[in-house]
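Before we start, here is the structure in question, set down as structure tokens.
The values are calculated or read from the model by the stated rules, or taken from the named source; none is laboratory data. Note that the coordinates shown come from a computational prediction; the quantities given were computed from them, not determined experimentally. Glycine gets a Cβ as well: all are built from the backbone with ideal geometry, and neighbour counts include every protein chain shown.
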Amino acid sequence: MSAATTSWFVAIGASGPLGLSDIGALLRELPASLNAVVMVVLHRPWDRVSHLREVLSRSSQMPVLVAIQDEHFEAGRAYIGEPAEHLTLASKNFGLLVEDPDRRYRNRTVDLRLMSLAEHAGARSIGVILPGFLDDGSRGLAAIHHAGGLTMVIQPSGSPTLGMPENAISYDGPIDVIGSPEEIARAITAKIPRS
């Protein structure tokens, strides 16, 4: 079987320093042998040099790569896009970098990625929302739920300000897992069959 028919896809979305910390905690717990393509999006300034790959590589057991246009994804790797490009899934197992010079997707980069997984990976997709501001990810997580995939959200902190986790939970459809980064990593690992 080809990777396109056997791999799962996990999309992780977050923003801010706490989101970055929780992405690191989640990647630390995911095994390098995970039979899934992991796609990470962190809201960050689009007009500055990013060191996200280096930062995430310190905690990840799997290689962290900056995706290139039309790249064939491989399981057991984590992919990010450059700040001014939005990494999405296109035609099963290939990446598509959406350039956004007008910042049209500025506050919707997590939704964009999750919706691409819902469309192309369906029931083999897992959407994960970690800490962040506003409601980016809510619509994409709902799309994954309706496509038969799994939805996971970090346990909200209890802050009176609604952020990405709270908005995702209240938006549309049930959330399969609500927990810590470690609990989410265990749920991902338990769901995805070994290759």
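Out of the range 153-195, which residues are among the acidic types (Asp, Glu), more than 29 Å from ALA75 (Cα to Cα) and crowded, with 16+ Cβ neighbours inside 10 Å?
Quick first cut of the range 153-195, residues among the acidic types (Asp, Glu) only: 166, 172, 176, 182-183.
From what's left, more than 29 Å from ALA75 (Cα to Cα): 166, 172.
Within the range 153-195, just GLU166 meets the criteria.
Further question: Keeping to the range 25-70, report how many residues are surrounded by 15 or more Cβ atoms within 10 Å (Cβ to Cβ), more than 17 Å from the chain's Cα centre (by Cα) and farther than 22 Å from ASP136 by Cα.
0
Answer yes or no: is there a residue in the range 45-52 that is under 18 Å from SER116 (Cα atoms) and at pLDDT below 95.
Step one: list which residues in the range 45-52 are under 18 Å from SER116 (Cα atoms), which gives none.
No: the range 45-52 contains no residue that is under 18 Å from SER116 (Cα atoms) and at pLDDT below 95.
Do the conditions hold for VAL110, that is, is it touching a helix residue (DSSP H, G or I) at 6+ places or on another chain (Cβ under 9 Å) and outside any helix (DSSP H, G or I)?
It is false that VAL110 is touching a helix residue (DSSP H, G or I) at 6+ places or on another chain (Cβ under 9 Å) and outside any helix (DSSP H, G or I).
Being modelled with pLDDT under 90 and within 14 Å of the chain's Cα centre (by Cα) narrows it down to one of THR161, THR151, THR109, so name that one.
Values: THR161 fails: within 14 Å of the chain's Cα centre (by Cα); THR151 fails: modelled with pLDDT under 90.
Result: THR109 is the single residue among THR161, THR151, THR109 that is modelled with pLDDT under 90 and within 14 Å of the chain's Cα centre (by Cα).
Another one. Looking at the range 40-77, which of the residues that are hydroxyl-bearing (Ser, Thr, Tyr) and out of contact with any strand residue (DSSP E or B) (no Cβ under 8 Å at 6 or more places or on another chain) is nearest to THR109 (Cα to Cα)?
Here is the first cut: in the range 40-77, the residues hydroxyl-bearing (Ser, Thr, Tyr) are 50, 57, 59-60.
Now drop any that are not out of contact with any strand residue (DSSP E or B) (no Cβ under 8 Å at 6 or more places or on another chain), which leaves 50, 59.
On the way: SER50: 16, SER59: 23 Å.
The extreme case among them is SER50.
State which residue is surrounded by the most Cβ atoms within 10 Å (Cβ to Cβ) when the search covers only the range 12-24 and only residues that are assigned to a helix (DSSP H, G or I) and either of a type in the set (A, V, I, L, M, F, W, C) or touching a Ser or Thr at 6+ places or on another chain (Cβ under 7 Å) (or both).
Within the range 12-24, the first condition is being assigned to a helix (DSSP H, G or I), and the residues that meet it are 16-24.
Pick out the ones that are also either of a type in the set (A, V, I, L, M, F, W, C) or touching a Ser or Thr at 6+ places or on another chain (Cβ under 7 Å) (or both) and you get 18, 20, 23-24.
Values: LEU18: 15, LEU20: 20, ILE23: 27, GLY24: 16.
Of everything passing the filter in the range 12-24, ILE23 is surrounded by the most Cβ atoms within 10 Å (Cβ to Cβ).
Being under 24 Å from HIS72 (Cβ atoms), in contact with a Leu (Cβ under 6 Å, 6 or more places away or on another chain), crowded, with 16+ Cβ neighbours inside 10 Å and modelled with pLDDT under 95 is true for just one of SER116, SER125. Which residue is that? Don't jump to the end; show me each part of the working.
On the way: SER125 fails: modelled with pLDDT under 95.
The unique qualifying residue is SER116.
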